[in-house]
Amino acid sequence: MRPVVCKGARLWLREVTEADVAALHAVYGDPEATQHMPFGPRTLQQVAELVDEGVRSAAAEPRMLYVLAVLDVDSQEVIGVARLHIDADRPHSAEIGLGLRPDRWGRGMGTDLVRLLLAFGFKRLGLHRVWGARSPANLPAQLAMLTAGMVEEGRLRHHESTPAGWRDSVVHAALEEEWTER
């Protein structure tokens, strides 16, 4: 296994570790941070299980799932999580997901994070297509994906079952030949 480290100007990504559970609970356990996710706030134990899944996936061959801690370059603290999941039936394509602590919202960090994930997917993994789905109400995610160079492709009706009921998803994607590092 070769550990993942991706550095940007303000953020960097690295493999999650057991030491990240409390920091990631600040995202996954926060009602505000999970409001647009298809699940409610997670317990500390549930976050520990997600981290354990990420640690196990790092050793898998072939590797299909990347669960990465998002760190602030200046403070070196974990402020979020990023996931990239390669589709086993379409190994040229991967879905991304991300979450940041609410105290980091509104600073363009979501856009920076999407850019890092696109660069990782295209440059390091050699993917052809990277896509993500968001809640229609999550306008900051829409802005982050569009600004990072993703294209809005369409709406999937009743795509996610959430604690509040069925929710649509809006799909965004970037293709390798269209993507330019911004």
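The values are calculated or read from the model by the stated rules, or taken from the named source; none is laboratory data. Owing to the predicted nature of the structure, the values given are computational and were not obtained by experimental measurement. Heads up, the Cβs are rebuilt from the backbone with ideal geometry, glycines too, and the neighbour counts pull from every protein chain shown. SASA here: full protein model, heavy atoms, side chains in, ligands and nucleic acids out. Shrake-Rupley method; radii C 1.70, N 1.55, O 1.52, S 1.80 Å.
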Exercise for the section: Taking the options Val67, Val55, name whichever one is assigned to a strand (DSSP E or B), under 17 Å from the mean Cα position of the chain (by Cα) and over 17 Å from Arg134 (Cβ atoms). Expected result: Val67
Practice task
Could you please tell me which pairs satisfy a Cβ distance under 6 Å, a separation of 6+ or placement on different chains, a first residue in segment 45-58 that is more than 10 Å from Thr17 (Cα to Cα), and a second residue that is surrounded by fewer than 14 Cβ atoms within 10 Å (Cβ to Cβ) and not polar (S, T, N, Q)?
Solution key: Ala58/Met1
Fill in the blank from the handout: Here the residues within segment 28-49 that are at pLDDT below 95, among the hydrophobic types (A, V, I, L, M, F, W, C) and buried (at least 17 other Cβ atoms within 10 Å of the Cβ) are Ala33, Met37
Handout entry: Neighbours by Cβ (under 6 Å, 6+ apart or cross-chain): first from segment 161-177, open to solvent by 70 Å² or more (accessible area, probe 1.4 Å); second part of a loop (DSSP other than H, G, I, E, B)
Key = Pro163/Gly40; Glu176/His128
Fill in the blank from the handout: Of (1) in a helix (DSSP H, G or I); (2) over 23 Å from Ala174 (Cβ atoms), Asp74 fails just (1)
Completion exercise
When segment 149-182 is checked residue by residue, the ones that are within 18 Å of Asp112 (Cα to Cα), of a type in the set (Gly, Ala, Ser) and in a loop (DSSP other than H, G, I, E, B) are Gly149
Exercise for the section: Sort out which residues of segment 117-130 are open to solvent by less than 20 Å² (accessible area, probe 1.4 Å) and part of a helix (DSSP H, G or I), and write them in order of number. Expected result: Leu117, Leu118, Ala119, Phe120, Gly121, Phe122
Handout entry: Subset tally (residues that are touching a helix residue (DSSP H, G or I) at 6+ places or on another chain (Cβ under 6 Å), part of a loop (DSSP other than H, G, I, E, B) and charged (D, E, K, R)) for segment 1-51
Key = 3
Practice task
Working carefully through the options Arg115, Arg134, Arg104, find the one that is modelled with pLDDT under 95 and closer than 28 Å to Val78 by Cβ.
Solution key: Arg104
